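Reading through the structure tokens given below for one structure.
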Amino acid sequence: MKRLLLLLIISCSYTENYAQLKEQMNLYIDSLFRLNQNHAAPGVAITVIKDGSILTRKDMGMANLEHQIPFNHNTPVRLGYSGTREFMCAGLALMETNGLLNSMTS
């Protein structure tokens with residue numbers, strides 16, 4: 001899975017045509033997260049951003065399998081205790097470095 005995501009990131013950096021990139025991105029994400037229509041699966045929300053523009057935004061799967069509640073970008077999720085926090089901290093640090101976030105304000 002990590003290799004596939006790395007390939008996706010590398011291909012994003014070499015493709016200049018946004019329409020072509022968006023189509024490739026959608027096909028790639030669909031192939032990774034193809035859900036069986038007969039069985040509900042846990043959810044995932046994906047947003048791919050390049051140069052400040054949203055290339056694609058997808059919601060797939062269920063937030064609650066028992067009650068058949070769909071997962072979307074507004075579904076609250078718990079952060080795991082493994083590498084999730086480090087990943088979020090690195091992302092926040094990059095946002096602050098790029099001027100998208102100011103940690104000194106409340």
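Read the figures in this text as sums done on the coordinates, not as results from a lab. Keep in mind it's a predicted model, so treat the numbers as computed, not measured. FYI the Cβ positions are ideal-geometry reconstructions off the backbone, even for glycines, and counts take in every protein chain you see.
Annotation: peptides 47-60, 87-100, ranked by per-residue average of other Cβ atoms within 10 Å with the highest first, follow the order 47-60, 87-100. Close amide-amide hydrogen proximity is noted between Asn64 and Ile69, each under 5 Å apart and 5 or more residues distant or on a separate chain (H modeled in the peptide plane; Pro and chain starts excluded).
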